[in-house]
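Asker: Below you will find the structure I want to go over with you.
The values are calculated or read from the model by the stated rules, or taken from the named source; none is laboratory data. This structure is a prediction, so every number in the text was calculated from the model and none was measured. Heads up, the Cβs are rebuilt from the backbone with ideal geometry, glycines too, and the neighbour counts pull from every protein chain shown. We work out accessible area using only protein heavy atoms, side chains counted, and drop any ligands, DNA or RNA first. Shrake-Rupley method; radii C 1.70, N 1.55, O 1.52, S 1.80 Å.
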Amino acid sequence: MKKLRQNLRVVTALLLSLLIVAGTYCFYSVTTCGGRWFATSTNTRLASQKKQVVAGDIADRTGLVLACTVDGKRTYPRYTGLRKAVAHVVGDNRGFVSHGAETFMASYLLGFKASATERAKQLFSGGETRGDDIALTIDAELCAYASSLITPFVGGAVVVINYKTGEILCSTSWPSFDPRNMTAALNASSGEASLLNRATQGMYSPGSTFKIVTMASALSNFSDAQTRLFNCTGRLDVVNTTVTEAGGAVHGQNTLQTAFAKSCNSAFSTLAMELGASRLRWTASDFGFNENFLFSDLIVYNSVFPSGRLSKDQLAWNGIGQGTVQVTPLHMAMIAGAIGNGGNMMEPRLLLSATGAQGNVRALPGARVYKRCCNETVAAAVKDAMIECVQSGTGKQAQIKGYTVAGKTGSAETSDNKSVRTDAWFAGFVDDPEHPLAIAVVLEKGGSGGTVAAPIAQRVLNRAIKMGY
């Protein structure tokens, strides 16, 4: 009998433990993912609410209305180029683009955030029941300008953020769709490709832009990293692979900073192999790789640095952003911004404000540090290398007269036999407290990052500065 009571206590303790674990997980899931579950297009409450509530307006940070309801019908800007430039950020009222503001911020737009008192006032006023108006952090004009620069390419994206506040000032993806004609978008030969927001969902090999992370890892782990000399002969034989330089270049002897500016693959593959998988992966995780991004304003796909043991061949390639490393353009802009911000990565923000039907301020989100990526000393050293890259290295075409631009180019291979043109990359920032702008540009099959992506980054950043950002 005594043994039976002991067994019952053990079973009871186990059951209580399981209930606590299940309850904790449920609480965590609801608090972190509840908004994502609510915002799915399959949520029947959204469909029902749309029949009873007039959806609020969506505007950009300047007040330009990007979506509103007129005579019971959702309408979008008059100009086709503008509509397409912001289409992925705004979304569509039928929920085909579930990550757009129309769906992801439906809790505001459809009045779910309104208090009982506010609902009662609307009801007794005799007017229409209306949801909240929201203002986004983007500048639609800047988005349209950036979009016009990337439309000649197969695909791509441009993202500009304020690296001090995390505000997304520009986010545009190509190919795009027209929210006024979703039937055409769904029936297009490109299928769902036009509905994919490449800025936040596009998973790309970062190419040499990943050398920002590899350099930060080397500086964090090797006390002599900055004084080392690397001798580049144009190729590095590893075990079963050979790492070569872009265009067959031979860089000769260089310091770490100069090797970065010249984008020397041999130097950074060597560093990656010496660092080993654990240390390089640890630094990558410090910069946000392999993390589940659960941002409040938007959904961003998780960037990947390979797990498990890596061979020297794999390390040599992953250390220069090839192999199986994958990143989204927004995350790459966040990484560049973190270097400009002394090692602090800000949480990206898309919601500028939400205003109730009675004019009351519903939400006014503030800046928040997402994580500390590296210390200030490491950030300063990487920043110096990025500045040299633009001043005298592969990123010279990103220079802006009167301003200091820091950056890193990338030309990411997308095929094993080089039969497909590389994706062109540029990630960088303006080193100016009055214009804390970070940018990422990716152009699918664009070719050289230095000659194709860098000039586009220069034009977009220059326009943003002239606009006062």
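Asker: Under a Cβ-Cβ cut-off of 10 Å, what is the net charge of the residues other than Ala406 that fall near it, where Lys and Arg count +1 and Asp and Glu count -1?
Answerer: Residues near Ala406 contribute -1 overall.
Asker: Describe numerically, in nm with one decimal, the distance between label points set 7 Å from Cα along Cα→Cβ at Asn375 and at Ser48.
Answerer: It is 5.7 nm.
Asker: Same structure, new question: For Asn302 and Glu434, calculate 0.36 nm times their separation in residues minus their Cα-Cα distance, and state this gained length in nm to one decimal.
Answerer: 44.4 nm
Asker: Towards the positive end of the charge dipole of the chain, with charges on Cβ (+1 Lys, Arg; -1 Asp, Glu), say which of Cys170, Ala464, Thr404 has the farthest Cα.
Answerer: With unit charges placed on the Cβ atoms, the residue in question is Cys170.
Asker: How would you rank 364-377, 381-394, 237-250, highest first, on the average number of other Cβ atoms within 10 Å across their residues?
Answerer: Highest to lowest by the protection proxy: 381-394, 364-377, 237-250.
Asker: Starting from the Cα of Asp416, move 7 Å in the Cα-to-Cβ direction to define the label point; list residues of the range 240-259 whose amide nitrogen is under 19 Å from there.
Answerer: 240-244
Asker: For the range 132-229, just run the numbers: alpha carbon Rg, then divide by 2.2 N^0.38 Å, N being how many residues it has.
Answerer: Here the answer is 1.49, to two decimals.
Asker: Let me ask something else. When we measure straight from the Cα of Lys113, which aspartates and glutamates land under 18 angstrom away, once same-chain ones fewer than 8 places off are left out?
Answerer: Once the sequence-local aspartates and glutamates are set aside, what remains near Lys113 is Asp57, Glu102, Glu128, Asp132, Asp133, Asp297.
Asker: Hey, what number do you get for the chain at 222 nm if only DSSP H runs of n ≥ 4 count, each worth -39500 (n - 2.57), divided across all residues, to the nearest 500?
Answerer: It comes out at -12000 deg cm²/dmol, rounded to the nearest 500.
Asker: Please report the carbon-and-sulfur percent of the accessible area for the range 283-399; probe 1.4 Å, protein heavy atoms only, DNA, RNA and ligands left out.
Answerer: Carbon and sulfur: 48 percent of the exposed surface of the range 283-399.
Asker: A further question follows. Within a Cβ distance under 14 Å of Ile335, other residues only, what is the Lys/Arg minus Asp/Glu net charge?
Answerer: Neighbourhood net charge equals +2.
Asker: Using a Förster distance of 30 angstrom, determine the FRET efficiency expected from the C-beta separation of Gln399 and Gln253, and round it to 0.05.
Answerer: So the FRET efficiency works out to roughly 0.70.
Asker: Share of the range 98-250's accessible area from carbon and sulfur, percent, 1.4 Å?
Answerer: The computed percentage sits at 49.
Asker: Evaluate the charge dipole of the range 311-469 about its Cα centre and quote only its size in Debye, nearest 20, assuming +1 on the Cβ of each Lys and Arg and -1 on the Cβ of each Asp and Glu.
Answerer: Charge dipole, the range 311-469, about its Cα centre: 360 debye, nearest 20.
Asker: Measuring with a 1.4 Å probe in the full set of protein chains, what accessible area per residue, in whole Å², belongs to the chain?
Answerer: Per-residue value: 44 Å².
Asker: Also, I was wondering about something else. Using 0.36 nm times the number of residues separating Asn187 and Leu229, minus their current alpha carbon distance, what extension gain do you get?
Answerer: Taking Asn187 through Leu229 to full extension adds about 9.5 nm, to one decimal.
Asker: Now for a different question. Could you work out the local net charge near Ala272, counting Lys and Arg as +1, Asp and Glu as -1, over the other residues with Cβ closer than 10 Å to its Cβ?
Answerer: Here the charged neighbours net out to +2.
Asker: Next question, about the same structure. If the limit is 28 Å between Cα atoms, which of Lys164/Lys408; Lys84/Lys466; Lys371/Lys418 go over it?
Answerer: The answer is Lys371/Lys418.
Asker: Per residue, what volume in Å³ does the Cα convex hull of the chain take up?
Answerer: Cα-based convex hull of the chain, divided per residue, equals 194 Å³.
Asker: Among DSSP bridges having both ends in the chain, what percentage is antiparallel? Round to the nearest 5.
Answerer: 95 percent
Asker: Which aspartates and glutamates does Lys312 reach when only Cα atoms under 12 Å apart count, and residues fewer than 8 places away in its own chain are ignored?
Answerer: Partners found: Asp237, Glu274.
Asker: With no solvent and one equal point scatterer placed on each C-alpha of the range 70-171, evaluate the Debye formula and give log10 I(q)/I(0) for q = 0.10 Å⁻¹, two decimals.
Answerer: Reported log10 I(q)/I(0), two decimals: -0.38.
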